[in-house]
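Right, one structure below, let's go through it.
All of the numbers you see were taken from the coordinates with simple rules; none came from a lab. All values reported here derive from a predicted model rather than from experimental measurement. For neighbour counting, all protein chains shown are included, and Cβ atoms are generated from backbone atoms with ideal geometry for every residue, glycine included.
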Amino acid sequence: MEPYFTANFGNAGSIHSAGQRARSAVDAARESVAALLGAKPGEIVFTSGGTEADNLAIFGLVGVVPDATSKKHVITTAIEHHAVLNACEELERRGVDVSYVPVNPSGIVDPEDIRRALRPETLLITVMHANNELGTVQPIEEIGRVAREANVYFHCDAVQSAGKLPLDVESLGVDLLSISAHKIYGPKGVGALYVRSGTPIEPLFRGGHAERDRRPGTENVPGIVGLGEAAKLAAQKMAADAGRIGALRDRFQEAVCRLVPSAKVNGDRSRRVWNTANLTFPAAGSEALVIALDLQGIECSTGAACSSGAVEPSHVLKAIGLSDGDARSTVRFSLGRFATDAEIDEAIRVLPGVVERLRALSPHSVTEVSAQ
Amino acid sequence: MSPITELERSREAVAPPANAVAVAMSGGVDSSTVAAILHDRGRAIVGLTMQLWNQRRLPQLQGDGPKQHRCCSIDDVYDARRVAEHLRIPYYVINFEREFEQSVVRPFVDDYLQGRTPIPCTLCNNHVKFDQLLATARQIGAERIATGHYARIRHNAATGRYELLRAVDESKDQSYFLFGLKQEQLARTDFPLGELTKQEVREIARRLAVPVAEKPESQEICFVPTGNYVKFIEGYLEEQGSSLPQGEGEIVSTSGAIVGRHTGLHQFTVGQRRGLGIAAGQPMYVVALDRVKNHLVVGEDRELRRSICQVRDINWIPYAVPDCVLEAAVRIRNRHEPAMAEIAPTGATTAQVTFYEPQRAITPGQAAVFYSGDRVLGGGWIASIEDSQTPSQSS
């Protein structure tokens, strides 16, 4: 990335040599991203991140169909990221019908529920691949078949699964697929949308002709180069990461559940990405738990980073049937590529004592426990 | 052998150093200076900011009137974070919006609807800051909490109890707002500014290069951005899908004559003169709010002067409960010059307060706080006022 901040400062849209060097770098990145997804380079649109990719997919597709035609309908799920959920709520305000398909208590959507939600006027199905809070992996291939049979466009938010699961847009059967660079160790502020050839997309912004008119604006060359490099590395390291990090996650989760018997694992254990452990520690209080652990050098999250500080408990945890009290006592541990055995040992050593202290001193413990 | 077996053996309660202090940081100069002072003394500290109210609620209240200091605005969190970064201390924002609404905002609105004039700062101190925040501080491993209040706490070795005292700087004293603190709260609280004047605090802030040293002070109710509490109450009720239980009503004189109309009792407080819209020879003041009849009772200044009030939910500080009638200086609102009175307990947490001289505008919903010299003996909420013209002391 670094040379593109300084020595190779050219604008990828310029004719001169410096511009051509930037263009080559962007094209190389486009190839790397396409290779990670089993797509053609021309089907990759670079964006400012996963949120823009999701918005471009949803508004871009729904926007191309003239309002004069009959009623429009979109199908999504109850556990989508806010980038999709809030986009769908905005569609509703603009007169589009949206169906929010529920998930089972393990956090998995049933493709038959998607099929049942179909209507003649259904335009788009949008379902995430791996859930950002639970890590649960949705049956995208089956939903892809449902979409194909019904001749409905299918978007998949794969921000959380890129680099963790093999992504092949053909076998997934998707027309649109979002990824984000920082989830695969690339820079923040850059992502991409896969747009299957022939899928109509209206740009979100008006401007020049960048990204084949699908995303006007001068390309973020260093960011795109970073995404390309991250995609290349993700493809190389995925299998090894899955084995090693998956084993660490399982060991951590097993030890925590043994040492804190009341702890509960959320999400289907056999259908999860290998780096995520979403755990409920009843009556501990997630906010205090995150802070107490941070003070011990252990960083975890309440729900999604994007909604931390929110008053309402996570919509995902509610969708899998957790009580408000349990939802407010749930944290997510995400293990990275650089996690070590020693770090997991330390987390296992520290966590039970911290949870015990939180419970003993909880201002909520009495009410929350009695509410269950 | 699995490494976990060893870990299970070494299991222990984990916490930061036992002497860590959590500093409640609002982003203002006082609490920022507390953090700087304790840090300068070498104490292990954790900065905590309470997110209490979402300013995106009631957007209709924004932008009318002068731009006032706001509660939990991005700017305040930004300032608190800047101070924490300057001091290089761990710092967190904790969301207490739910607790704050339940313990402070709703009671605040309800009090006005009941014809009382509440003190939200005291409700927050009693139910959020020295309750929820202290509990969270202890959860994360800090056994004590420090705030920027101007008051003092002293342990009385003879009685074994913690005592609350006025601040050294009488002009900044906030003990009136702290009467509700229980022994277990006082035992875990530090008020480092209680021994200092505001001038000294500013000087220390400058010396320690606290980034907000020159920030102006806030005066408004923190969650009412414009200072217009009437609009806040109306907006809040609308947001909650309800409306004022009582609207327009009559303004009556103390003799019962109808002298005008009002547009809602929640807009008035005892002693208020402005906004009555009535013409009379004498200046007229709100003397009482009669919620049952929805009457606003007005009268002359002398009719505001009363001697007796009933006080409820009293928290006694130097003792669990006094064993006799007390004589003390009683403050009936912030900035009121405490006046001598006899305090006769009528129960463990109730008392009748009889002032030696009638006091102007004793107001239900405000606190009556009892002082003996610098010491706070206790305090409670003013429940009702009795007419000094119908002397009960004659019996």
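A few comments on the model shown:
- Between B:GLN114 and A:LYS71, the C-beta separation translates, for a Förster distance of 60 Å, into a calculated FRET efficiency of about 0.75.
- Here the dipole of chain A is about 360 debye; that uses its Cα centre as origin and unit charges on the Cβ of Lys and Arg (positive) and Asp and Glu (negative).
- Whole-Å distance, taken between Cα centres, linking region B:212-276 and region A:32-86: 49 Å
- Under 20 Å from the A:ALA239 label point (7 Å along Cα→beta-carbon), backbone N, region A:260-274: A:273-274
- Residue by residue along A:339-346, Cβ atoms of other protein chains within 10 Å of the local Cβ number 1 on average.
- Inverse of mean 1/r across different Cα pairs in the protein assembly as shown, Kirkwood, Å: 30.1 Å
- Theoretical FRET efficiency, 1/(1+(r/R0)^6), r = Cβ-Cβ of B:ARG360 and B:LYS198, R0 22 Å, to 0.05: 0.20
- Peptides A:137-143, B:333-339, A:219-225 ranked from most to least packed give A:219-225, A:137-143, B:333-339, packing being the mean of other C-beta atoms within 10 angstrom over each peptide's residues.
- Shape category assigned to region B:236-320 from the gyration tensor of Cα positions, a/c cut at 1.5: oblate
- Residue ranges A:24-35, A:229-240 sort as A:24-35, A:229-240 when ordered by packing (mean number of other C-beta atoms within 10 Å per residue, highest first).
- Furthest towards positive pole of dipole, B:GLY260, B:TYR285, B:GLY249, structure part region B:246-299, Cβ charges: B:TYR285
- For the options B:ALA167, B:ALA320, B:ALA151, a Gaussian network treatment of chain B with springs between C-alpha atoms closer than 10 Å singles out B:ALA320 as fluctuating the most.
- Nitroxide proxy distance, nm - points 7 Å out along Cα→Cβ at A:GLU254 and A:LYS188: 3.5 nm
- The slack in the chain from B:GLN246 to B:GLN55, taken as 0.36 nm per residue of separation less the alpha-carbon distance, amounts to 66.1 nm.
- Taking the Cα centre of region B:246-299 as origin and assigning +1 to Lys and Arg Cβ atoms and -1 to Asp and Glu Cβ atoms, the resulting dipole is close to 100 debye.
- Among A:SER17, A:SER314, A:SER99: highest mean-square fluctuation, GNM of chain A, C-alpha pairs under 10 Å: A:SER17
- Highest-fluctuation residue, A:PHE281, A:PHE338, A:PHE46 considered, GNM on chain A with Cα pairs under 10 Å: A:PHE338
- Here the protein assembly as shown carries DSSP beta bridges of which approximately 70% are antiparallel, counting only pairs with both residues inside.
- Ranking of B:THR226, B:THR136 by neighbouring Cβ atoms within 10 Å, starting from the fewest: B:THR226, B:THR136.
- Shielding of B:132-139 by partner chains, average beta-carbon count, 10 Å: 6
- Listed residue (B:GLN139, B:ASN125, B:LEU326) projecting farthest to the positive dipole end of chain B, Cβ model: B:GLN139
- Exposure proxy order (Cβ contacts within 10 Å, fewest to most) of B:VAL83, A:VAL64, A:VAL45: A:VAL64, A:VAL45, B:VAL83
- Residue list for region B:165-204, given a label point 7 angstrom along the Cα-to-Cβ vector of B:HIS155 and an amide N cut-off under 18 Å: B:165, B:182-192
- Ascending count of other beta-carbon atoms within 10 Å, so fewest first, for B:HIS127, B:HIS149, A:HIS16: A:HIS16, B:HIS127, B:HIS149
- Computed from the alpha carbon atoms alone, the convex hull of chain A holds 142 Å³ per residue.
- Partner shielding of A:284-297 amounts to 5, given as the average count of beta-carbon atoms from other chains within 10 Å of each residue beta-carbon.
- Proximal lysines relative to B:LYS198, as straight alpha-carbon distance under 21 Å, when same-chain residues fewer than 8 apart are discounted: B:LYS172, B:LYS215
- Under a model in which nothing but the beta-carbon of Lys, Arg (+1) and Asp, Glu (-1) is charged, region B:305-394 shows a dipole of about 340 debye around its Cα centre.
- Whether region B:256-304 is rounded, prolate or oblate, judged on the alpha carbon gyration tensor where a/c under 1.5 counts as rounded: rounded
- Cα-based shape type of chain B, given that a ≥ b ≥ c are square roots of the gyration tensor eigenvalues and the cut on a/c is 1.5: prolate
- Relative contact order of chain A: 19 percent, from C-alpha pairs under 8 Å at least 6 residues apart in sequence.
- Loop-located trypsin sites (Lys or Arg not before Pro) in region A:38-115 whose Cβ has at most 13 other Cβ within 10 Å (DSSP): A:LYS71, A:ARG94
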